[in-house]
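Undergrad: One structure, as structure tokens, below. Some questions next.
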Amino acid sequence: MKPLHKDHLPLLFIWSLLLLISTGCNLNWTKAMQKGSIDAPAFEENIPVEVEIGLIIVPVTIQGKTYRFLFDTGAPFSISEELQAKLDYKVISKGSIKDSDNNRKTVNYVQVDHILVGKVPFIKQTAFVGNFTSNPTIKCLQLDGIIGSNMMRHCNWRINYQEQELVLSSKLGQPAHAVSVPFHTDAQYNILVDLNINGATVRNLTVDYGSNGTLSFPDNVYKTLEQHDKIEKGFLEKGVKQSGLIGSPVPIQRRIVYVDTIQLGPLKIDDIEIRSGSAALIGQKILSRYIVTIDWDSKQLHFSESKSTKPDYKTFGFRAGYSEGKNIYIQSVIEHSVAYKQGIRSDMKVLKANALDFQKNHNYCDFIDSIVGKTDKVSLELMDADGTIKKVVLQKQALNAGE
């Protein structure tokens, strides 16, 4: 293999709400992120959660009412525009966010005076006010906000994805037999780690519970690894994607590859899918294999064994989305996938999927609820740009360029 010069190193339904925020024009943004506290001297709280399309949904209480918040280490704390209109929190700054598709939007930052996660009170937390209906998939999740990284830093967390349980505690240390990986943070308290792949180091990957994918490298990092024979060329996915909070579709032409092993410090993780893209992140399909403790006291992640099964990378090979003009349509297709081999191409309109008829009484949220991650076989009726109807039956398969 060619040597890799260190200067070059810094979904099918993949979802990521990874957000970056920029300086506001009133209260300094960095100072705003540092605000807040927990009003409890010592605590340990166990909270049952829901898992939908691979994402963790947490019940929180504000002014006596329960709301649905996404647990997301790749984004700051946020509340919906509807919640802000109802509760009218004080605006403390203005700025912008950039989502995982590199879309930007100007937002207000407010101070949420009191929010309960279980019985634990978080006080005077800075939140941006987000639109949780502009992206069709997020709209289906009916979210009221995000428990983000600047809020999480006030205590330690244990995430048991398989048992659908969160533990938050003032003193939650390293479990017995756990493997510990150091992390560092940025200005919005994203959790960042370095990894090794075939002898090459990739730095500053975000540990992102707001992504239901596996491992993503920015295009330039992916190409550098490929050029130096650290990864293979991989499979090409073409079309558009719509995975960010802001919801605007953007063109994609990205690669998907599989590697035997990556290394996070002393933790060896086998059977990994890697996608090129705009962000460097580790998503739920890797994190969910473990019970993960986020130890803010020692700045370490503790990985413990869980009941997770061997990763399954079988795929239909297409990504579907929604727009008002097209209704449900094929956004992207992976070359050499079962969908590609049966003639499915991006921009085709989806008329039916299994028992769902989108020309009658079914909608995109029904597609999310019934198809995405729920079945290994799907019957589709599609229409191309010329109005030609195509019927196919797809069985999930592993990607194989040789077939």
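The values are calculated or read from the model by the stated rules, or taken from the named source; none is laboratory data. Note that the structure is predicted; figures quoted are calculated from it, not measured. All Cβ positions, even for glycine, are placed from backbone atoms using ideal geometry, and neighbour counts span all protein chains on display.
Undergrad: Here is a list of conditions, (1) in contact with a helix residue (DSSP H, G or I) (Cβ under 7 Å, 6 or more places away or on another chain); (2) of a type outside the set (Lys, Arg); (3) more than 30 Å from residue 331 (Cβ to Cβ), and residue 293 meets all of them except one; can you say which number that is?
TA: Answer for residue 293: the failing condition is (1).
Undergrad: Looking at residue 394, is it at pLDDT 95 or above, surrounded by 15 or more Cβ atoms within 10 Å (Cβ to Cβ), touching a Phe, Trp or Tyr at 6+ places or on another chain (Cβ under 6 Å) and not hydroxyl-bearing (Ser, Thr, Tyr)? Step through it out loud before you land on a result.
TA: Values: at pLDDT 95 or above: yes; surrounded by 15 or more Cβ atoms within 10 Å (Cβ to Cβ): yes; touching a Phe, Trp or Tyr at 6+ places or on another chain (Cβ under 6 Å): yes; not hydroxyl-bearing (Ser, Thr, Tyr): yes.
Yes.
Undergrad: Does residue 109 satisfy the condition of being out of contact with any Ser or Thr (no Cβ under 6 Å at 6 or more places or on another chain), more than 26 Å from residue 45 (Cα to Cα) and either among the hydroxyl-bearing types (Ser, Thr, Tyr) or loosely packed, with under 15 Cβ neighbours inside 10 Å (or both)? Outline the logic, then answer.
TA: On the way: out of contact with any Ser or Thr (no Cβ under 6 Å at 6 or more places or on another chain): no; more than 26 Å from residue 45 (Cα to Cα): yes; either among the hydroxyl-bearing types (Ser, Thr, Tyr) or loosely packed, with under 15 Cβ neighbours inside 10 Å (or both): yes.
Judged against the criteria, residue 109 is not a match.
Undergrad: So which residues in region 257-277 are of a type in the set (S, T, N, Q) and buried (at least 22 other Cβ atoms within 10 Å of the Cβ), if there are any at all? So that I can check it myself, show each step before the final result.
TA: Narrowing region 257-277 to residues of a type in the set (S, T, N, Q): 261, 263, 276.
276, the sole residue that qualifies.
Undergrad: Here are the criteria: (1) of a type in the set (D, E, K, R); (2) touching a Ser or Thr at 6+ places or on another chain (Cβ under 6 Å); (3) farther than 23 Å from residue 346 by Cβ; (4) surrounded by 16 or more Cβ atoms within 10 Å (Cβ to Cβ). Tell me which single one residue 254 does not satisfy.
TA: (3)
Undergrad: Just to confirm my filter: which strands (runs of 3 or more DSSP E) fall fully inside region 296-403 and include at least 1 residues that are out of contact with any helix residue (DSSP H, G or I) (no Cβ under 7 Å at 6 or more places or on another chain) and closer than 25 Å to residue 235 by Cα? Don't jump to the end; show me each part of the working.
TA: Details: elements: 300-305, 318-323, 327-334, 349-353, 377-383, 389-395.
Because the criterion is at least 1 residues that are out of contact with any helix residue (DSSP H, G or I) (no Cβ under 7 Å at 6 or more places or on another chain) and closer than 25 Å to residue 235 by Cα, the strands (runs of 3 or more DSSP E) in region 296-403 that meet it are 318-323, 327-334, 349-353, 377-383, 389-395.
Undergrad: Looking at region 151-171, is at least one residue modelled with pLDDT of 95 or more, in the same structural domain as residue 49 (by TED's automatic domain parsing), surrounded by fewer than 16 Cβ atoms within 10 Å (Cβ to Cβ) and within 30 Å of residue 92 (Cβ to Cβ)?
TA: Scanning region 151-171 turns up no residue that is modelled with pLDDT of 95 or more, in the same structural domain as residue 49 (by TED's automatic domain parsing), surrounded by fewer than 16 Cβ atoms within 10 Å (Cβ to Cβ) and within 30 Å of residue 92 (Cβ to Cβ).
Undergrad: Please work out which residue is modelled with the highest pLDDT, limiting yourself to region 196-244 and to residues that are among the basic types (Lys, Arg), farther than 21 Å from residue 149 by Cβ and out of contact with any helix residue (DSSP H, G or I) (no Cβ under 9 Å at 6 or more places or on another chain). First the steps, then the outcome.
TA: Taking region 196-244 as the starting set, the residues that turn out to be among the basic types (Lys, Arg) are 203, 223, 230, 233, 238, 241.
Next, only the ones that are farther than 21 Å from residue 149 by Cβ stay: 223, 230, 233, 238, 241.
Narrowing further to those that are out of contact with any helix residue (DSSP H, G or I) (no Cβ under 9 Å at 6 or more places or on another chain): 223, 238, 241.
Working: 223: 93, 238: 96, 241: 89.
Looking at the filtered set, the residue picked out is 238.
Undergrad: Mind checking which residues of region 139-185 are within 18 Å of the chain's Cα centre (by Cα), assigned to a loop (DSSP other than H, G, I, E, B) and over 15 Å from residue 72 (Cβ atoms)?
TA: If the condition is that a residue be within 18 Å of the chain's Cα centre (by Cα), assigned to a loop (DSSP other than H, G, I, E, B) and over 15 Å from residue 72 (Cβ atoms), then 142, 162, 164 are the ones that fit.
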